[in-house]
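Here's the structure we're looking at; comments come further down.
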Amino acid sequence: MDKNRVYVFDTTLRDGEQVPGCQLTTVEKIEIAKKLEALGVDIIEAGFPISSPGDFQSVVEISKAISEPVICALTRANTKDIDAAADALRFAKRGRIHTGIGSSDMHIKYKFNSTREEILQRAVDAVKYARRFTDDVEFYAEDAGRADNAYLAQMIEAVIAAGATTVNIPDTNGYCLPDQYGAKIKYLMDHVSNIDKAIISVHCHNDLGLATANTIAGIQNGARQVECTINGIGERAGNTSLEEVAMILKTHHALGYHTNINSKGIYEISNMVSSMMRMPVQPNKAIVGRNAFAHSSGIHQDGVLKHRENYEILNPEDVGINSNAIILTARSGRHALKHHLERLGYKIDKINLDEVYERFLLMADNKKEISDADLLQLMGDGDTKTYDDKGIKVTLLQVVCGDPLRPMATVKLLINGQEKEASAAGNGPVNATINAIHEIIKDDIDLDEFSIQAMHGGSEDVSKVNMRVKYNGQSYYGFGYSTDIVNASVHAYVDALNKIY
């Protein structure tokens with residue numbers, strides 16, 4: 001057995017799905033499970049079968065659809081739960097029953113109204129019963145983060161003796177500090193006589209923002225399984241983020257640990273989970289947030305353009321993102337401005353960059369971000385091209401919609417000096433407008449991300465639209481501003497098209 005291998009246990013489909021409003025259909029769960037399999041996840045916790053007929057059926061269907069990862073089902077420490085889990089797992093190539101009970105005095109007294117001795121016996125009985133159905137039994141000691149270490153060690157030793165092959169030490173309420181949690185794992189390694197007969201697993205919640213830090217502390221002190229979710233979703237403030245743990249271990253080679261995760265699939269599954277669960281990823285989320293590889297500070301932009309590793313410890317391509325983004329704002333420097341002007345085709349040796357930069361700063365003070373269209377406006381009819389003679393410009397936008405009318409849009413585009421017009425219907429005014437643009441450009445472009453943000457608030461506010469499109473395997477971003485959301489959306493889409501063409 002590789003002592004430095006860390007097994008990844010994903011609970012997106014169980015703990016992650018407990019977020020209010022984020023429930024998935026069985027078909028959606030199977031799609032995510034297949035992506036988790038492709039990602040290299042070792043164990044997929046597919047659900048809590050006793051909780052509902054839908055959850056039961058999801059575990060059944062995922063068991064049928066997945067070949068490589070272990071399929072795990074959650075139970076409480078009673079025979080009915082375990083029977084349901086065993087039944088749901090009957091088609092699994094490799095099935096695991098995950099059973100357990102509270103281990104802290106808080107839970108023993110106020111949740112179970114019981115005693116340490118009674119809880120210990122229930123834990124042992126549950127593991128023994130689960131072993132009737134499978135050799136792969138994981139035991140969770142709920143609220144272990146607040147449990148007395150001596151009693152916790154006694155419980156873990158007893159359940160391993162009863163047949164548990166993995167023991168889960170959850171910081172259920174996200175209470176522990178990293179040094180406390182690491183010390184707890186080390187205590188178990190040093191005081192549980194049969195600990196070598198099982199794998200220690202860590203399951204940390206993020207109530208104080210410490211889930212990932214606690215998970216790494218657990219690994220450093222002997223844990224070899226991490227329980228996590230895509231994008232860190234989960235109960236309350238969420239669970240440990242799979243992508244964070246995987247990339248920490250990949251980046252910090254000196255730690256000596258490794259997983260089986262194919263990191264290039266991280267960004268794709270992050271977007272899938274976000275979309276299916278209707279949970280947007282916060283822009284500054286580590287690894288997968290929209291701004292994770294974006295730079296707006298002039299000093300940072302200059303450093304990245306000179307040598308990526310000046311300000312990026314990760315290569316965006318390692319997590320499936322094509323490249324970093326140099327965002328133009330009032331904090332950007334001349335190097336970043338030069339980078340974008342060159343990308344747009346301007347000959348820098350023909351431009352007074354200092355003079356352009358001064359005008360750029362005046363514009364940037366009035367807008368939060370500067371788009372390509374803004375730069376072209378800034379350059380006016382200078383030495384090189386504008387969208388009027390080379391590129392795409394919207395010259396007419398007309399939209400009809402309402403109830404019961406089907407949304408229709410007519411668009412005129414000026415493309416390389418020639419005006420073209422098309423009309424199309426859609427499921428909404430934005431969709432109809434994009435369909436009309438597609439009628440004109442007739443190219444295979446996919447809208448990958450679409451978000452609308454009010455700049456200040458109020459019905460007369462300016463809306464900012466961000467779009468990401470994919471063309472020939474590459475991603476392109478477009479931005480648009482207007483008090484009219486449809487108009488802002490069209491200009492964002494055309495902004496992205498101009499970056500393609």
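The values are calculated or read from the model by the stated rules, or taken from the named source; none is laboratory data. As the structure is a prediction and not an experimental result, all values here were calculated from the model. Here the Cβ positions follow ideal geometry from the backbone for every residue, glycine too, while neighbour counts run over all protein chains shown. In case anyone asks, the SASA skips ligands and DNA or RNA and just uses the protein heavy atoms, side chains included. Shrake-Rupley method; radii C 1.70, N 1.55, O 1.52, S 1.80 Å.
Set against the 2.2 N^0.38 Å expectation for a compact globular protein, the range 7-277 has a Cα radius of gyration ratio of 0.92. Each residue, Asn4 and Leu177, gets one label point 7 Å from its Cα in the Cβ direction; the gap between the two is 3.1 nm. If R0 equals 51 Å, the separation of the Cβ atoms of Asn194 and Glu68 corresponds to a calculated FRET efficiency of about 0.95.
Evaluated with a Cβ-only charge set (Lys, Arg +1; Asp, Glu -1), the chain carries a dipole of roughly 540 debye about its Cα centre, given to the nearest 20. Over the range 392-498, what is the mean sequence separation of C-alpha contacts under 8 Å (at least six apart), divided by residue count, expressed as relative contact order in percent? This gives 18 percent for the range 392-498. Summed over qualifying helices (DSSP H, 4 residues or more, each -39500 (n - 2.57)) and divided by its residue number, the chain shows a 222 nm mean residue ellipticity of -11500 deg cm²/dmol. Would you mind checking Lys347/Lys420; Lys3/Lys184; Lys29/Lys109; Lys93/Lys128; Lys34/Lys264; Lys412/Lys464 for any pair whose Cα atoms are more than 26 angstrom apart? Where the Cα-Cα span goes over 26 Å, the pairs concerned are Lys347/Lys420; Lys29/Lys109.
For the chain, give the percent of accessible area contributed by carbon and sulfur heavy atoms, probe 1.4 Å, rounded to a whole number. Ligands and nucleic acids excluded, carbon and sulfur reach 48 percent. The distance between label points at Cys22 and Ser114 comes to 2.9 nm (points 7 Å beyond Cα on the Cα→Cβ vector). For the range 123-155 versus the range 20-75, the spacing of their alpha-carbon centroids is 23 Å. Given R0 = 35 Å, the distance between the Cβ atoms of Tyr357 and Met272 translates into a calculated FRET efficiency of 0.30. Strictly greater than 37 Å: what percent of every Cα pair in the chain meets that? Percent of Cα pairs beyond 37 Å in the chain: 41. The residues His340, His438, sorted by heavy-atom accessible surface at 1.4 Å with ligands and nucleic acids left out, run His438, His340 from largest to smallest.
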